[in-house]
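What follows is a set of notes on a single structure, which appears directly below.
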């Protein structure tokens, strides 16, 4: 009797997979040296991360076409072999292989930004390069991984390419350095940055790892004045994360696009306190330092409305049922974001060093990182 042959299949649990939100793609030219903020971080997971000390086996790719393979994230070292194609399929993921200097191969899974609303059937796939971007006039913690669409696989076309963006605001899709460093499943990319390319010193990666817990899923980092971010007008509070020279700080700014009426401690019938949100839509905004003779030495930040998003324009909320407000309260492109304070119209502002009552936390204090970065790295908005 012939012996029974049993085929064994090892089941592999891939760690670190995070649920990827739906993104939209918009391919627009970006201004050199200006990196928009709050770009929604991408999601990665790695498999068989191998360094010269590793010995893990690597499963063979089963794709019919040449698999996506990279050797570097440094734009100055890119070759044709680092070019690969992403498909415009909603909520798609793909494996990207990494050729290590020692001849071993690793791979990680990249969750792509995508949206059916911009899916172009005539261009089902777009080719480009995954690369690391360090914004000028910014701290090392502001670094991020991006994907740039190019006309061909020739690295010479990289400079004329456009970065994949998220949402209608045109903010670059990215994986921030703190988000990358905090996740052990992304160790292969950490290895490329610190050991292969050496674009990120090990002590910076360690610093980013220690600060990674500050970020929530979907958070990006602000690091400079004039850096765009999306501001949904229909919410009473907004989360922000700021990247400085040696730390990442998070805060919640309340009533940025809302105003209060009444007095606390009273019922609604007696004119009690109420918070009103009269507008809806999304605005692309940025922080600026307040330049005023009365505030020459104070660290006070204001918000500039850059533009309204075509897909979600600024408009009065049709369901608003509160008191009347001055027409000038409506956010307008190119102007400062306004606010009502005890019935008086004035620009919204955050006083970094403002004195508060005891046991009251100054939620504007993290804005001080923008002032510190302006002094440390320079800023056209700040002397």
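Entry remark, segment 233-249: residues being in contact with a strand residue (DSSP E or B) (Cβ under 8 Å, 6 or more places away or on another chain) and loosely packed, with under 15 Cβ neighbours inside 10 Å number 3 in total. Residues of segment 49-66 include none that is over 24 Å from residue 177 (Cβ atoms), part of a loop (DSSP other than H, G, I, E, B) and at pLDDT 80 or above.
Scanning segment 314-329 for residues that are assigned to a loop (DSSP other than H, G, I, E, B) and exposed (fewer than 13 other Cβ atoms within 10 Å of the Cβ) returns 318, 319, 321, 324, 326.
Suppose the filter is within 30 Å of residue 324 (Cβ to Cβ), outside the structural domain of residue 107 (by TED's automatic domain parsing), buried (at least 19 other Cβ atoms within 10 Å of the Cβ) and modelled with pLDDT of 95 or more; does residue 284 pass it? So residue 284 passes the test.
Return yes or no: is residue 156 out of contact with any helix residue (DSSP H, G or I) (no Cβ under 9 Å at 6 or more places or on another chain) and either in the same structural domain as residue 253 (by TED's automatic domain parsing) or part of a helix (DSSP H, G or I) (or both)? The answer is yes for residue 156. Taking only pairs six or more apart or across chains, which ones have beta-carbon atoms under 8 Å, a first residue in segment 327-338 that is assigned by TED's automatic domain parsing to the domain that holds residue 278, and a second residue that is loosely packed, with under 12 Cβ neighbours inside 10 Å and outside any loop (DSSP other than H, G, I, E, B)? From residues that are assigned by TED's automatic domain parsing to the domain that holds residue 278, the pairs are 338/328; 338/346.
Does segment 159-176 hold any residues that are touching a strand residue (DSSP E or B) at 6+ places or on another chain (Cβ under 6 Å) and not in a strand (DSSP E or B), and which are they? Across segment 159-176, the qualifying residues are 161, 164, 168, 169, 173. When residue 344 is tested against (1) touching a residue at least 40 places away in the same chain (Cβ under 8 Å); (2) more than 20 Å from residue 306 (Cβ to Cβ), exactly one condition is not met: (1).
For segment 191-212, state whether one or more residues are in a loop (DSSP other than H, G, I, E, B) and under 15 Å from the mean Cα position of the chain (by Cα).
So far as segment 191-212 goes, no, none of its residues is in a loop (DSSP other than H, G, I, E, B) and under 15 Å from the mean Cα position of the chain (by Cα).
The values are calculated or read from the model by the stated rules, or taken from the named source; none is laboratory data. Predicted, not measured: the structure shown is a model, and the values here were computed from it. We place every Cβ from the backbone using ideal geometry, glycine too, and count neighbours over all the protein chains shown.
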